[in-house]
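This report refers to the structure that appears directly beneath it.
The values are calculated or read from the model by the stated rules, or taken from the named source; none is laboratory data. As the structure is a computational prediction, the values presented were derived from the model and not from experiment. When we count neighbours, we look across all protein chains shown, and the Cβ atoms used for this are built from the backbone with ideal geometry, even at glycine.
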């Protein structure tokens with residue numbers, strides 16, 4: 001029985017909104033899927049499954065694509081399992097219920113997509129860069145973090161938010177100064193960086 005893709009995707013988005021689950025903005029997902037198509041990406045590692053929206057969108061680009069995706073929140077992980085089944089993608093999306101900082105993988109990927117705890121981006125990058133094929137890419141979402149990255153830290157009232165924004169700014173610097181990668185920043189969605197392995 002064929003499913004109505006648009007209806008099912010809309011339902012995932014509605015669930016995300018109702019349950020305060022951050023999923024990728026429309027503009028960002030369009031950028032990501034276009035990038036995958038253009039660079040003929042086949043094997044993807046995603047850090048931060050949430051409820052499976054971006055993994056499903058990436059897998060739908062092409063039938064040759066396989067996504068391995070990591071999520072540590074049990075409720076979100078179980079919701080992702082359900083969503084991926086609904087799309088019949090369980091053979092092409094491998095879900096790992098683990099903390100991405102503690103996981104070691106042997107596999108090599110064409111693309112690593114970081115979309116988990118923003119404060120941990122440097123740790124995630126360093127943990128998985130060895131799993132990236134030569135001339136592969138690491139793409140990170142939420143580089144602008146709803147515009148806060150362009151605000152002076154002392155102007156941010158909330159201490160937690162201030163610390164998070166500081167970590168994202170540190171990650172910006174980490175990418176700019178990384179000798180093994182060339183990084184470009186794109187003002188699409190909530191801000192995206194594309195780091196290409198030299």
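Listed residues 100, 117; which is within 24 Å of residue 181 (Cβ to Cβ), modelled with pLDDT under 95, touching a strand residue (DSSP E or B) at 6+ places or on another chain (Cβ under 7 Å) and surrounded by 15 or more Cβ atoms within 10 Å (Cβ to Cβ)? Give the steps one after another, and end with the answer.
Working: 117 fails: touching a strand residue (DSSP E or B) at 6+ places or on another chain (Cβ under 7 Å).
Among 100, 117, only 100 is within 24 Å of residue 181 (Cβ to Cβ), modelled with pLDDT under 95, touching a strand residue (DSSP E or B) at 6+ places or on another chain (Cβ under 7 Å) and surrounded by 15 or more Cβ atoms within 10 Å (Cβ to Cβ).
Out of 79, 107, 74, I need the residue that is at pLDDT 95 or above and buried (at least 19 other Cβ atoms within 10 Å of the Cβ). Which one? Quick ask: steps written out before the conclusion?
Numbers: 107 fails: buried (at least 19 other Cβ atoms within 10 Å of the Cβ); 74 fails: buried (at least 19 other Cβ atoms within 10 Å of the Cβ).
Selected residue: 79, the only one of 79, 107, 74 that is at pLDDT 95 or above and buried (at least 19 other Cβ atoms within 10 Å of the Cβ).
Restricting the search to segment 161-198, which residues are in a loop (DSSP other than H, G, I, E, B) and in contact with a strand residue (DSSP E or B) (Cβ under 9 Å, 6 or more places away or on another chain)?
Step one: list which residues in segment 161-198 are in a loop (DSSP other than H, G, I, E, B), which gives 177-180, 187-191, 198.
Residues satisfying the conditions are 178, 180, 191, 198.
So, residue 156, is that one buried (at least 16 other Cβ atoms within 10 Å of the Cβ) and over 21 Å from the mean Cα position of the chain (by Cα) or not?
So residue 156 passes the test.
Any residue at all in segment 31-41 that is under 23 Å from residue 142 (Cα atoms), part of a loop (DSSP other than H, G, I, E, B) and either modelled with pLDDT of 95 or more or touching a strand residue (DSSP E or B) at 6+ places or on another chain (Cβ under 6 Å) (or both)? Break it down stepwise before answering.
Taking segment 31-41 as the starting set, the residues that turn out to be under 23 Å from residue 142 (Cα atoms) are 31-39, 41.
Narrowing further to those that are part of a loop (DSSP other than H, G, I, E, B): 39, 41.
Next, from what is left, pick out any that are either modelled with pLDDT of 95 or more or touching a strand residue (DSSP E or B) at 6+ places or on another chain (Cβ under 6 Å) (or both): 39, 41.
Within segment 31-41, one or more residues are under 23 Å from residue 142 (Cα atoms), part of a loop (DSSP other than H, G, I, E, B) and either modelled with pLDDT of 95 or more or touching a strand residue (DSSP E or B) at 6+ places or on another chain (Cβ under 6 Å) (or both).
For segment 42-56, enumerate the residues that are assigned to a loop (DSSP other than H, G, I, E, B) and within 9 Å of the chain's Cα centre (by Cα). Steps first, answer last, please.
Initial filter on segment 42-56 (assigned to a loop (DSSP other than H, G, I, E, B)): 42, 48-52.
Result: 48, 49.
Got a sec? Which strands (runs of 3 or more DSSP E) wholly within segment 64-160 have at least 1 residues that are without any contact (Cβ under 8 Å) to a residue 40 or more places away in the chain and farther than 19 Å from residue 172 by Cα?
Working: elements: 66-71, 93-97, 109-114, 132-140.
Per the criteria, 66-71, 93-97.
In segment 23-38, which residues are closer than 25 Å to residue 78 by Cα and either in contact with a helix residue (DSSP H, G or I) (Cβ under 6 Å, 6 or more places away or on another chain) or surrounded by 14 or more Cβ atoms within 10 Å (Cβ to Cβ) (or both)? Give the derivation first.
So in segment 23-38, the residues closer than 25 Å to residue 78 by Cα come out as 23-26, 28-29, 32-33.
The answer is 23, 24, 25, 28, 29, 32, 33.
So, residue 182, is that one surrounded by 18 or more Cβ atoms within 10 Å (Cβ to Cβ) and either over 18 Å from the mean Cα position of the chain (by Cα) or within 15 Å of residue 117 (Cα to Cα) (or both) or not?
Against the criterion (surrounded by 18 or more Cβ atoms within 10 Å (Cβ to Cβ) and either over 18 Å from the mean Cα position of the chain (by Cα) or within 15 Å of residue 117 (Cα to Cα) (or both)), residue 182 does not qualify.
Can you tell me which residues in segment 1-22 are in contact with a helix residue (DSSP H, G or I) (Cβ under 8 Å, 6 or more places away or on another chain), outside any loop (DSSP other than H, G, I, E, B) and closer than 14 Å to residue 60 by Cα?
Let us first name the residues in segment 1-22 that are in contact with a helix residue (DSSP H, G or I) (Cβ under 8 Å, 6 or more places away or on another chain), namely 3, 8-9, 12-13, 15-16, 21-22.
Still in the running and outside any loop (DSSP other than H, G, I, E, B): 8-9, 12-13, 15-16.
Across segment 1-22, the qualifying residues are 8, 9.
I'm told residue 60 meets every condition in (1) more than 21 Å from residue 121 (Cβ to Cβ); (2) surrounded by 21 or more Cβ atoms within 10 Å (Cβ to Cβ); (3) at pLDDT 95 or above except one. Can you identify the failing condition by its number?
Answer for residue 60: the failing condition is (2).
All but one of (1) in contact with a strand residue (DSSP E or B) (Cβ under 8 Å, 6 or more places away or on another chain); (2) surrounded by fewer than 19 Cβ atoms within 10 Å (Cβ to Cβ) hold for residue 90, so report the exception by its number.
(1)
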